[in-house]
Amino acid sequence: MHDINAMLYFAHVVKAKSFSGAARRLDVSKSRISKAVASLEADLGVRLLHRSTRRLSLTEVGEAYFEHCDRILEELAQAERTVSSLHVEPRGRLKITAPVAFSTLHVAPALPEFMAQYPDLSVDMTITDRLVDLVDEGYDVALRITPAPGENLVARQLALIRRKICASPDYLARRGVPRTPADLMQHNCLDYTYLNNSGTWHLKGPEGDIEIPVSGTLRINDDEALSQAVMGGLGLALLPTFIVGKELQQGRLVEVLPGYVPVERSIYAVHLPNRHLPPKVRVFIDFLLERFGSEPYWDRQDGSAWPENSQGLPQGCFGLTRPASPARA
């Protein structure tokens, strides 16, 4: 393989019909181009150009060689145009990964509006609770629910993820309303086993951090299935508001002991460090930030702010066919 720069210099000389013209076009010295072309001819063992004081002309071999060099020059120009267009406008394929419940309820319903705004984008979205490796698996951006994002990643907080002690009005009518954290020990407390395998609820209250031993007739590792059990009047549970926000807003669920909550987590959009963040990643994160707002719609008292295509907790089913993964994103 010969020096690619020498090949491109040769192509420019032919197109400009002179060494001087090629030098002006490339903003390099005439002698540099002349030496590069002479070196190329020496490496190839052929003469590519007929030189005279008045004009340059291609040899037969030079004419055949120029056709290939010219195609390379055009491919490089096309590559630059492609990079420039991808850098300026959101286009191409956006590869996303996001946790199951959150993406099903709040990201997937938003995609039609997002993609209508950016018709040159296509989305490849993986819904999983597994912690993916952005480098090895080639993702542009990942949504992660966590107290703190991982190291060596750029993270933007999209929203707080709150969990509240919830029960149905029917359950509270039958069993009474807990007035203190200690009252929880007399209730059927349903446990989300991914976050808690100890049978203890860790809460923050006016007096600081407290631990309440709880017990109940259901332990389950899926938040949506747990939400359905609570909706059915089975017991109390710590539920994420991004799943049951609409039910709390409409009174189908009631928050119990509102002064006592677990440690808040957040949902972050994370991506690899990049001095030139691709527009497709930037506009996706900005779109979610605008959609969720400074106070997410699922946490607002006024349920009218809920987007029409985000329906909240699905009704009429208890079990979910989607298996929960052993690790959370």
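The values are calculated or read from the model by the stated rules, or taken from the named source; none is laboratory data. What you are looking at is a predicted structure, and each value in this text was computed from that prediction instead of being measured. No Cβ is skipped: glycine too gets one built from the backbone with ideal geometry, and neighbour counts run over all protein chains shown.
For region 154-168, does any single residue satisfy the condition of being touching a residue at least 12 places away in the same chain (Cβ under 8 Å), assigned by TED's automatic domain parsing to the domain that holds Asn274 and exposed (fewer than 13 other Cβ atoms within 10 Å of the Cβ)?
yes
Filter region 111-169 for residues that are more than 30 Å from Met231 (Cα to Cα), of a type in the set (Val, Ile, Thr) and either within 12 Å of the chain's Cα centre (by Cα) or at pLDDT 95 or above (or both) and give the result.
Selection gives Val123, Val132, Val141, Val154.
What single numbered condition from (1) under 30 Å from Tyr297 (Cα atoms); (2) part of a loop (DSSP other than H, G, I, E, B); (3) modelled with pLDDT of 90 or more fails to hold for Pro90?
(3)
With the requirement that a residue be at pLDDT below 95 and in a loop (DSSP other than H, G, I, E, B), what does region 219-250 give you?
Asn221, Asp222, Gln250
Select, from Glu63, Glu41, the only residue that is surrounded by fewer than 14 Cβ atoms within 10 Å (Cβ to Cβ), assigned to a helix (DSSP H, G or I) and without any contact (Cβ under 8 Å) to a residue 24 or more places away in the chain. Don't jump to the end; show me each part of the working.
Numbers: Glu41 fails: surrounded by fewer than 14 Cβ atoms within 10 Å (Cβ to Cβ).
Unique residue meeting the criteria: Glu63.
Can you tell me which residue is farthest from the chain's Cα centre (by Cα) among those in region 44-64 that are closer than 12 Å to Lys17 by Cα and among the aliphatic types (A, V, I, L, M)?
In this case the residue turns out to be Leu56.
Among (1) surrounded by 14 or more Cβ atoms within 10 Å (Cβ to Cβ); (2) assigned to a helix (DSSP H, G or I), there is one condition Ser266 misses while meeting the rest; what is its number?
Condition (2) is where Ser266 drops out.
Among residues belonging to region 210-254 that are of a type outside the set (S, T, N, Q), more than 28 Å from Pro109 (Cβ to Cβ) and in contact with a Gly (Cβ under 9 Å, 6 or more places away or on another chain), point out the one that is surrounded by the most Cβ atoms within 10 Å (Cβ to Cβ). I'd like the intermediate steps shown before the answer.
Pass one, region 210-254, residues of a type outside the set (S, T, N, Q): 210-214, 216, 218-220, 222-226, 229-240, 242-248, 251-254.
After this cut, where a residue has to be more than 28 Å from Pro109 (Cβ to Cβ) as well, the list is 210-214, 216, 218-219, 235-236.
Remaining after also requiring in contact with a Gly (Cβ under 9 Å, 6 or more places away or on another chain): 213-214, 216, 218-219, 235-236.
Values: Pro213: 12, Val214: 22, Gly216: 17, Leu218: 17, Arg219: 15, Gly235: 21, Leu236: 25.
Filtering region 210-254 for residues that are of a type outside the set (S, T, N, Q), more than 28 Å from Pro109 (Cβ to Cβ) and in contact with a Gly (Cβ under 9 Å, 6 or more places away or on another chain), the one surrounded by the most Cβ atoms within 10 Å (Cβ to Cβ) comes out as Leu236.
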